[in-house]
Structures are given as structure tokens and as C-alpha cells.
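The values are calculated or read from the model by the stated rules, or taken from the named source; none is laboratory data. Since the structure is predicted, the reported quantities are computational estimates derived from the model, not experimental observations. Note that we place each Cβ from the backbone using ideal geometry, even for glycine, and neighbour counts take in every protein chain shown.
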Amino acid sequence: MAACGAPSMRRMTKYILAGLIVVLVIAGGWTWSLLNHYNHFDTVVSDRGFECAPVPGTQGGEDIAVDWKHRQAFISSGGLIGDLRRYDIDRGGEAVKLLPPDMPVPTAFRGHGISLYAPEKGPRKLFAVNHGGGHDQITIFGISPEGKLSLEENIRDELLYDANDIQAVGSRQFYVVNSTHLGGSRYKNPIGALRFLGGNATGSIVYFDGRKFRTVAEPITHGNGIYQSPDGSRIYVAQTTANNVAEYRRDIRSGALKLERYYDLPGSPDNISVSPDGEVFVAAFPQFMTFVLEAVSRRVDLQTGAFQNPVPSQIVRIDPKSAKPVSRFWIDDGKRMAGATVGVPFERSGGSYRFFVSGFGRTLICSPVKRPI
């Protein structure tokens with residue numbers, strides 16, 4: 001009996017070893033493919049065509065909304081710090097804290113994406129995704145002529161399940177991007193992380209018409225930033241783990257969206273902004289896995305929001321009218337700006353733009369380097 005059992009045991013061992021080798025090869029190939037998808041093997045060389053300086057009084061900036069007419073920038077510091085600030089571009093000085101004193105305590109503000117509503121006539125408003133109080137909600141602020149905020153209302157709904165960013169299209173109408181149904185599992189366990197990085201498409205775009213919410217686009221592959229074209233006919237949405245920006249045609253009357261096309265990017269997009277002439281600017285992580293590993297391992301300075309190791313940043317420009325619409329506008333190896341989540345132009349300058357760029361650390365204001373004539 002023993003003599004007969006030994007060969008069977010050896011064969012079984014060979015099958016197990018062969019199976020393990022196959023699993024390791026598949027896992028290794030999948031890992032390499034994933035790292036390659038997120039440009040992990042690329043070399044990042046910083047752009048020296050712009051001079052950048054810190055914006056005083058800022059400590060992180062998850063999202064920034066610029067009022068080109070009033071020359072003001074509204075900065076959402078994100079969940080780490082959780083406040084709103086205003087920077088007066090022409091006056092300079094320090095960014096001013098804005099949260100009004102009448103914010104309800106249960107609605108402790110923990111901001112995310114923001115959107116400025118600035119009609120030609122009528123008061124301005126600031127819309128903010130707010131995770132405070134354990135609920136996803138939209139907080140609407142009135143803006144005084146001086147740029148101070150006053151709380152108007154908080155809007156909640158079951159369709160806000162992982163709200164990330166917002167685009168205001170009226171005094172009480174807006175779109176919201178939900179990232180994913182994975183929730184916190186994408187950061188807390190291996191299965192959730194693998195589904196997230198593998199391109200889990202459970203996000204959505206919802207529209208609030210002033211009375212009720214409805215879903216207008218799904219599925220979205222980890223939805224992130226959202227912005228509209230200057231004429232309001234197009235909506236752009238960042239799909240982070242798909243490495244692209246989706247362009248939708250918008251029915252201005254009904255709010256319905258129709259997918260038009262995708263723009264493939266050399267990175268993983270976060271927040272979006274659009275210049276008055278229609279150029280789209282996207283903060284896109286050149287090496288998303290580097291960012292994820294730093295964030296998940298919590299190698300972040302809780303005082304400054306800065307990563308302990310360099311996390312590269314870049315801004316990608318999309319010109320929808322061009323035959324080759326996608327180009328790299330600015331890039332940094334992570335030593336000046338780590339993990340940028342937003343890049344916003346605010347002024348034409350020397351054939352290019354001056355812009356703000358921000359993320360988990362400081363906010364920078366950048367201008368084209370003046371070349372000698």
C-alpha cells in the first residue's frame with residue numbers, strides 16, 4: 001500500500017507546484033500590467049518652464065474654483081483639514097478662512113469638490129460636496145460682493161453615495177459625481193483595493209433639478225472631477241482608474257447627458273477646470289500607484305498634508321477643437337508639488353497661462369518663466 005501511495009503523492013505534489021507556478025505567473029503578469037497601466041515605470045522630469053511660489057495661508061487644496069471676473073480663488077482644503085479659504089489674486093497676502101460661524105454643529109464641514117456659480121446678473125454662490133456629520137450632502141453658500149460666505153442650505157439624498165465633485169449649473173441646480181460603491185473597502189482590504197485599481201465601474205453622475213435628484217449617467221469608472229464648457233453644452237468627467245476624461249453633450253433644458261467621446265490621458269485624472277475659451281485642464285497623477293501606496297500607508301504629515309516621499313504631479317491640457325487634443329501642460333517630480341489634485345488657470349500670460357496647483361500639501365501659484373529677448 002505504501003509503495004503504491006508514494007508515486008501518487010509525488011504526482012500530487014508536482015500538480016500543486018505546477019498550479020502555484022501558474023498562479024504566480026498570472027499574478028505577476030497582472031501586477032506588471034497594472035503598474036504599466038498606471039505608468040509606474042516612467043521617468044518623471046520636472047517642467048522648468050514655470051516659476052512657482054507658495055500661496056500664503058494655505059495648507060492643502062483638494063479643489064479650487066476661480067472667479068476670473070472678480071479675481072478670486074476659492075480653495076477647499078479637503079478632508080484632512082476641512083475648511084474653505086479665499087485668495088485675492090491681485091491683492092495677494094494670505095488666503096482668508098471663509099467658513100461662516102452659523103454652520104450647524106452636526107454638519108461639521110468636511111469639504112471635497114467645489115463649484116462656483118457666477119451668473120452675469122445676480123449673486124454668486126459656492127457649492128461644496130460635504131462629508132461632514134457622517135453623510136454625503138451638498139452645502140450651498142451665498143457669496144457677498146466682498147467674497148464672504150453665508151450658509152444657505154444643505155441638501156441630502158440617497159443617490160449621493162460616494163460624492164466626489166460637483167458642477168453648479170443654476171442657482172439651485174447641479175451635477176454630482178459619485179466615485180464608486182466600494183466605499184472605504186478600496187483602502188482597507190486587499191480585495192477592495194484590487195477591485196478599485198482594476199477599474200471598478202460603479203460610479204455615477206446624478207443631477208439635481210432644484211426639486212429632486214436623478215441618475216443621468218452610469219457606470220462611471222471611479223468618477224472624480226466634473227466641469228462644464230463655457231457655453232454649458234458639454235460636461236467633462238474624470239474617470240481616475242480608466243485614465244481618461246469623458247465628454248458628454250448636455251441638454252440644457254432637461255439636464256440629460258449623452259456620451260460623446262473619451263480623451264485618453266498620460267495619467268490618472270482628478271479634478272478638472274475649464275478656461276473661458278474652452279480649454280480643459282486636468283490634474284492627473286503621472287504615477288497613480290505611487291500616490292495610492294503613500295496614501296494607503298498613511299505616510300502623510302498630518303500637520304502639513306505633505307507626503308514623506310515624492311509623489312509626482314502633472315496638469316494635462318485638452319483642446320476639444322484640436323486634431324490632437326491632449327497635451328501635457330505642466331509636470332513635477334513631486335519635490336515642489338506632491339500629489340496634485342487640481343490645476344486651475346486664472347490668467348493668460350505670454351502665450352500660456354498663470355495657474356494654481358494644489359494637493360495634499362501646499363497650494364502653489366505658477367507663472368511662465370520670462371525668457372530673455
Task: Residue check for ALA168: farther than 20 Å from ILE114 by Cβ, surrounded by 20 or more Cβ atoms within 10 Å (Cβ to Cβ) and at pLDDT 95 or above - done: no
Task: Failed item in (1) closer than 22 Å to CYS52 by Cβ; (2) outside any strand (DSSP E or B); (3) modelled with pLDDT under 95, with PRO266 passing the rest - done: (3)
Open item on the list: Any residue at all in region 206-223 that's acidic (Asp, Glu) and in contact with a Gly (Cβ under 8 Å, 6 or more places away or on another chain)?
Closed with: yes
Open item on the list: Within region 147-165, take every residue that is more than 18 Å from THR221 (Cα to Cα) and polar (S, T, N, Q) and give me the one that is surrounded by the most Cβ atoms within 10 Å (Cβ to Cβ).
Closed with: ASN154
- [ ] Please verify whether region 339-346 includes one or more residues that are closer than 28 Å to GLU294 by Cβ, without any contact (Cβ under 8 Å) to a residue 60 or more places away in the chain, in a loop (DSSP other than H, G, I, E, B) and of a type outside the set (S, T, N, Q).
- [x] yes
Task: Matching residues, region 316-358, being closer than 19 Å to LEU116 by Cβ and touching a Phe, Trp or Tyr at 6+ places or on another chain (Cβ under 8 Å) - done: THR341, VAL342, GLY343, VAL344, PRO345, PHE346, GLU347, TYR353, ARG354, PHE355, PHE356, VAL357
Open item on the list: Return the residues of region 239-264 that are closer than 12 Å to GLN228 by Cα and aliphatic (A, V, I, L, M); say none if nothing qualifies.
Closed with: ALA246, ILE252, LEU257
Open item on the list: Within region 176-190, does at least one residue satisfy the condition of being basic (Lys, Arg) and at pLDDT 95 or above?
Closed with: no
Task: Scan of region 84-138 for residues that are surrounded by fewer than 17 Cβ atoms within 10 Å (Cβ to Cβ) and acidic (Asp, Glu), ordered by number - done: ASP88, ASP90, GLU94, ASP102, GLU120
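Among the residues of region 240-262, is there at least one that is part of a strand (DSSP E or B) and under 16 Å from ALA163 (Cα atoms)?
Our first condition is that a residue be part of a strand (DSSP E or B); within region 240-262, this holds for 244-250, 257-262.
Now drop any that are not under 16 Å from ALA163 (Cα atoms), which leaves none.
No: region 240-262 contains no residue that is part of a strand (DSSP E or B) and under 16 Å from ALA163 (Cα atoms).
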Task: Pairs, first buried (at least 20 other Cβ atoms within 10 Å of the Cβ) in region 312-333, second of a type in the set (Lys, Arg), C-beta under 7 Å, six or more apart - done: GLN314/ARG328; VAL316/ARG328; PHE329/ARG317
Task: Leading residue by the ranking (surrounded by the most Cβ atoms within 10 Å (Cβ to Cβ)) among those in region 281-291 that are over 14 Å from the mean Cα position of the chain (by Cα) and not in a loop (DSSP other than H, G, I, E, B) - done: THR290
- [ ] Any chance you could count how many residues in region 224-239 are closer than 18 Å to LYS321 by Cβ, not hydrophobic (A, V, I, L, M, F, W, C) and not in a loop (DSSP other than H, G, I, E, B)?
- [x] 4
Open item on the list: more than 26 Å from LYS69 (Cα to Cα), surrounded by fewer than 20 Cβ atoms within 10 Å (Cβ to Cβ) and without any contact (Cβ under 8 Å) to a residue 12 or more places away in the chain: which single residue out of LEU194, LEU259 fits that description?
Closed with: LEU194
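Step by step: first the residues of region 347-373, then only those that are of a type in the set (Phe, Trp, Tyr) and assigned to a strand (DSSP E or B), then the one that is surrounded by the most Cβ atoms within 10 Å (Cβ to Cβ). Which residue is that?
PHE355
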TODO: Please verify whether region 140-161 includes one or more residues that are polar (S, T, N, Q), outside any helix (DSSP H, G or I) and either closer than 24 Å to SER229 by Cα or in contact (Cβ under 8 Å) with a residue 60 or more places away in the chain (or both).
DONE: no
TODO: Among the residues of region 229-254, count how many are surrounded by fewer than 20 Cβ atoms within 10 Å (Cβ to Cβ) and either polar (S, T, N, Q) or more than 23 Å from THR341 (Cα to Cα) (or both).
DONE: 9
Open item on the list: Suppose we filter ARG86, ARG91 for residues that are among the basic types (Lys, Arg), in a strand (DSSP E or B) and out of contact with any Ser or Thr (no Cβ under 9 Å at 6 or more places or on another chain); which single one remains?
Closed with: ARG86
TODO: Determine whether GLY61 is at pLDDT below 90, outside any helix (DSSP H, G or I), in contact with a strand residue (DSSP E or B) (Cβ under 9 Å, 6 or more places away or on another chain) and surrounded by 17 or more Cβ atoms within 10 Å (Cβ to Cβ).
DONE: yes
